[in-house]
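Peer 1: Have a look at this one.
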Amino acid sequence: MSNKVLTDTLNTLQHYLHAQSYDEIDTMNILQDHGIVSDNCVTAAEVGDTGKAVSFLNNLPPEHKPKKIHKTK
């Protein structure tokens, strides 16, 4: 699958997680703990207000940011 096809199907939060190399599970836990997304949202694809989620994550202090994932080449 080409990267172009993959990125055309991602929402804003998914793009952000990919660009920042943030762990999706850790990110969703942080967003749920702070009431930014519903506890019913399990994946970034299920988040409705992705702009609100990205804005919240951007404003977190570095020590509270989600864990990074290790990308493989």
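Each reported figure results from applying straightforward, stated rules to the coordinates on display, with no laboratory input. Bear in mind the structure is a predicted one, so any value in this text is a computation, not a measurement. When we count neighbours, we look across all protein chains shown, and the Cβ atoms used for this are built from the backbone with ideal geometry, even at glycine.
Peer 1: Could you put 34, 64, 18 in order, starting from the residue whose Cβ has the fewest other Cβ atoms within 10 Å?
Peer 2: Arranged by neighbour count, lowest to highest, 34, 64, 18 become 64, 34, 18.
Peer 1: Just need log10 I(q)/I(0) for the range 3-64 at q = 0.22, 0.23, 0.26, 0.28 Å⁻¹, Debye formula, equal scatterers on the alpha-carbon atoms, no solvent, rounded to two decimals.
Peer 2: Once normalised to I(0) and log-transformed, intensities are -0.87, -0.94, -1.19, -1.36.
Peer 1: Got a sec? How would 12, 27 order by Cβ neighbour count within 10 Å, fewest to most?
Peer 2: Working: 12 15, 27 22.
Going from least to most buried by this count: 12, 27.
Peer 1: Here's another thing I want to ask about it. Efficiency by 1/(1 + (r/R0)^6): what FRET value for residue 19 and residue 39, r their Cβ-Cβ distance, R0 = 25 Å, to the nearest 0.05?
Peer 2: That gives a FRET efficiency of 0.45.
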